[in-house]
Amino acid sequence: MPGRGPFYGLATTSQMASTGEKLIHSHQVNATKSLLLAPLFLFSGTAFAQSVDEEPAAVVELGGAAGWNLKDGGSSFGPDIAVEITPIERWLELEAGVTPLFSRHSAEWDTDLLFKKPWTLSEKAEFMFGVGPEWIHTREYGVTTNSLGGEVVLDFMFWPSAKHRLGWYLEPSYDYNFGRGHERSIGISGGLLIAIPIMRALFARR
């Protein structure tokens, strides 16, 4: 055919290769944009979910505790750690905690499970009444004993911000030991409240 030189086929092949490279580059750019935008969508979904539901997944209590034995007047001190969840909002909260108490000749590990009824005093203050069982592991003068007890607490919680992210608590308590001579004791604990948010990045609304 007139007007077509011997290199016509090679030119057409070169144009096709150039077009293919452009298409591949376009797909790579789109894929890169998608990877960069994905974290933004996840972050926005998380922020949206947290703004809809401000109730935390759990509240961690970190602080210190002191106890006084009403039988012999002895005192003991130690750290206090607990985790609190809300199965039924405004009606029931569950708290599981461990409190090791140390005195001059003894060490006591109290593990409890408390059932609490909450009352909201204001946006920044809450009060709870709790009761529950307690497992008491004691080592005194080289002798180890285990016993079951009961505990009653009054829990005061204070939040500087209405968002309830970080606060502090004060919790007086009364303990009755069903073993070891039915000892009775009073105690008080206090420290920081740390709210654990619900992680909903993977379950945000689509």
Do any GluC sites (Glu not before Pro) in the range 120-151 lie in a DSSP loop with no more than 11 other beta carbon atoms within 10 Å, and if so, which? Glu123
Figure the gain on full extension for Ile188 and Leu154 (residue separation times 0.36 nm, minus the Cα-Cα span) and round it to one decimal in nm. 11.3 nm
Once you put a point 7 Å from the Cα of Val83 and another 7 Å from the Cα of Ser147, both along the Cβ direction, what distance in nm separates them? 2.9
For the residue pair Phe129 and Ile198, what label-to-label distance in nm results when each label sits 7 Å from Cα along the Cα-to-beta-carbon direction? 2.9
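When 1/r is averaged over all different Cα pairs and the result inverted, which Kirkwood radius in Å belongs to the range 69-161?
Hydrodynamic radius (Kirkwood, Cα pairs) of the range 69-161 is 14.8 Å.
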Residues with amide H under 5 Å from that of Arg165, placed H, sequence gap 5 or more: none
Amide H contacts under 5 Å for Glu183, placed H, 5+ residues apart: Asn177
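Loop-only check: which chymotrypsin sites (Phe, Trp or Tyr not before Pro) in the range 164-198 are DSSP coil with at most 16 other Cβ within 10 angstrom?
Hits after loop and neighbour filter: Phe178.
All of the numbers you see were taken from the coordinates with simple rules; none came from a lab. Nothing here was measured: the structure is a model prediction, and the numbers come from that model. Methodologically, a virtual Cβ is constructed for each residue, glycine included, from the backbone with ideal geometry; neighbour enumeration extends over all protein chains shown.
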